[in-house]
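Peer 1: My questions all concern the structure below.
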Amino acid sequence: MDIFINDDKLDTPTCDEQTVQDVVKCIQQHHCPSGHIVMGIMCDGMPVEAGKMAAAMDRPLIELERLDVITSTKEALVTDAMVQASATLQDTEDSCQRVAELVSEGKSQEGVELLGKCLSVWQQIHEAVAKSIAMLELDADAVTIRDEPLGVIIGKPRGVLLQMKSALEAQDHVLLADILQYEFSEVTDSWHAVISMLRTEAEGRLTKMTAS
């Protein structure tokens, strides 16, 4: 079986691999480019999706003809994640305003269904931001944005979501529309600032790495 790291063939493995997980661990420990981490794999030319990663890791190497291991720096991963998060957040913000319009028009069921999708996407953005903060090893209590600690800002959506839940349970669609139009908008504005800060921080570190 052939093993490639970022399209470069690994000619002399230094570990006794039995499964895909074994070889990935070996590459992370002994063959990763400096400052890189493993970010994905391809089995026989097919990218492995996140939901199927565990099963792919357990596969015996004998079943494969080629294993591609893709690596990148934490800073590059954060940059890419924040570019995507920024675009997704804007889409979600637009969708939430649409929810407010639907609720105001009396189309509550349609609005609630769309809101559920928005909240699911919001959770994904929250996870991307949290992982990026961890990757960059930032102290969320020490870093401030607009004179507020980063940890406080990333916790703001919880309060707004609780207000939404209460409004939904009370079937107070007027209150729900107000929350979406005003309070939620303020939160997303703060989160755009967080995403921008994380991207700038990651890009700055990448520039320093390239220059050194």
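Peer 1: Read through the list (1) over 30 Å from D11 (Cα atoms); (2) touching a helix residue (DSSP H, G or I) at 6+ places or on another chain (Cβ under 7 Å); (3) outside any loop (DSSP other than H, G, I, E, B); (4) not charged (D, E, K, R), then give the number of the only condition that Q123 fails.
Peer 2: The single condition Q123 does not satisfy is (2).
Peer 1: Based on what the data block shows, is S132 buried (at least 17 other Cβ atoms within 10 Å of the Cβ) and either polar (S, T, N, Q) or at pLDDT below 85 (or both)?
Peer 2: On the way: buried (at least 17 other Cβ atoms within 10 Å of the Cβ): yes; either polar (S, T, N, Q) or at pLDDT below 85 (or both): yes.
In short, yes.
Peer 1: Condition first: among the basic types (K, R) and surrounded by 14 or more Cβ atoms within 10 Å (Cβ to Cβ). Can you find one or more residues in the range 135-154 that meet it?
Peer 2: No; the residues of the range 135-154 include none that is among the basic types (K, R) and surrounded by 14 or more Cβ atoms within 10 Å (Cβ to Cβ).
Peer 1: Another one. Only one of these conditions is not met by I37: (1) in the same structural domain as I195 (by TED's automatic domain parsing); (2) in contact with a strand residue (DSSP E or B) (Cβ under 8 Å, 6 or more places away or on another chain). Which number is it?
Peer 2: (1)
Peer 1: Considering the range 38-57 alone, what residues qualify as being exposed (fewer than 14 other Cβ atoms within 10 Å of the Cβ) and either in contact with a Ser or Thr (Cβ under 6 Å, 6 or more places away or on another chain) or closer than 19 Å to T73 by Cβ (or both)?
Peer 2: Passing the criteria: none in range.
Peer 1: Among the strands (runs of 3 or more DSSP E) confined wholly to the range 1-105, which include 1 or more residues that are more than 21 Å from M135 (Cβ to Cβ) and modelled with pLDDT under 90? It would help to see each step written out before you state the result.
Peer 2: Numbers: elements: 2-5, 36-43, 66-73.
The qualifying strands (runs of 3 or more DSSP E) are 2-5.
Peer 1: To continue, here is another question. Taking interchain pairs and intrachain pairs at least six residues apart, which have beta carbon atoms under 9 angstrom, with the first residue in the range 184-200 and modelled with pLDDT under 90 and the second among the hydroxyl-bearing types (S, T, Y)?
Peer 2: Short answer, once both residue conditions are applied: T188/T92.
Peer 1: Is it fair to say Q171 is out of contact with any helix residue (DSSP H, G or I) (no Cβ under 7 Å at 6 or more places or on another chain) and over 30 Å from K74 (Cβ atoms)?
Peer 2: The answer is yes for Q171.
Peer 1: Also, I was wondering about something else. Looking at the range 197-211, is at least one residue part of a helix (DSSP H, G or I), within 26 Å of E101 (Cα to Cα), hydrophobic (A, V, I, L, M, F, W, C) and in the same structural domain as L102 (by TED's automatic domain parsing)?
Peer 2: no
Peer 1: Which pairs do you get when a residue that is free of Cβ contacts under 8 Å to residues at least 40 places away in the same chain, found in the range 120-138, comes within reach of a residue that is of a type in the set (V, I, T), reach meaning Cβ atoms under 8 angstrom, with the pair 6+ apart or on two chains?
Peer 2: Taking only residues 6 or more apart or on different chains, the pairs are V121/T88; V121/T92; W122/T92; Q124/T88; H126/I154; A130/I154.
Peer 1: Also: For the range 150-185, give me the residue count where each residue is among the charged types (D, E, K, R) and in a loop (DSSP other than H, G, I, E, B).
Peer 2: Residues flagged as among the charged types (D, E, K, R) and in a loop (DSSP other than H, G, I, E, B) within the range 150-185 amount to 1.
Peer 1: Would you check if T188 is in a helix (DSSP H, G or I), among the polar types (S, T, N, Q) and either in contact with a His (Cβ under 8 Å, 6 or more places away or on another chain) or surrounded by 13 or more Cβ atoms within 10 Å (Cβ to Cβ) (or both)?
Peer 2: So T188 passes the test.
The values are calculated or read from the model by the stated rules, or taken from the named source; none is laboratory data. The shown structure was predicted, so the numbers you read here are calculated from the model rather than taken from an experiment. All Cβ positions, even for glycine, are placed from backbone atoms using ideal geometry, and neighbour counts span all protein chains on display.
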